[in-house]
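Here the structure comes first, spelled out in structure tokens, and everything after it is commentary.
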Amino acid sequence: MASSMSMQGASMSPSSVRPLSVGGIVAEGITAGFLAAMAVALLFLVVDLVAGVPFDTPRKLGALLMTGTISTVGVGASASPVALYTLFHFGAFSLAGIVVAAVVHFTMRRPVALVLFVILFFAFEVVFTGFVAYLDVQSVGGLTPWQVAAGNIVASLAMAAFFAYKYPRLRNLGTALSDEE
């Protein structure tokens, strides 16, 4: 096992990575979450525009949050369901971003943890997409499991791009894993 791992000229031994404060991890997580949420929102805006019904997805999901059903009877074309779902959407992605930021900082100190994170990530994706498939497609407003999976992939790529940009040494984490064996 190598005592230190070289990544873009910087030592990556566990002691060489300065931990970020909790506040710093939360701030990074919220930023990553907002970027991911925006990417998914844009994806579904395009899907809705192509279908000829802008904001249909957040309107139906907002109605689901408000009333327990996607029926927009009583909420109509009101902006309330869209606003409610937008708050929920960005809040959920912010929480996910905080978890990912904590994992990123942990894997920079212990690169082997990346393997566990990748396994858990794919397990979560399968379970979440399966859960959406289990729900009657009509109960989620015609949102298919494939659309959910596409949204999750877009969100994951947005977060990965943010952290890869912020921490270039993450791009070489595979080298660190092989050095750690």
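A few notes on this one:
- One residue stands out in region 84-117 among those that are modelled with pLDDT under 85 and among the aliphatic types (A, V, I, L, M): the one that is farthest from the chain's Cα centre (by Cα), namely Val112.
- Residues that are buried (at least 22 other Cβ atoms within 10 Å of the Cβ) and among the aliphatic types (A, V, I, L, M), drawn from region 97-116: Val100, Ala101, Val104, Met108
The values are calculated or read from the model by the stated rules, or taken from the named source; none is laboratory data. A quick note: this is a predicted structure, and the numbers were derived from the prediction, not measured. Methodologically, a virtual Cβ is constructed for each residue, glycine included, from the backbone with ideal geometry; neighbour enumeration extends over all protein chains shown.
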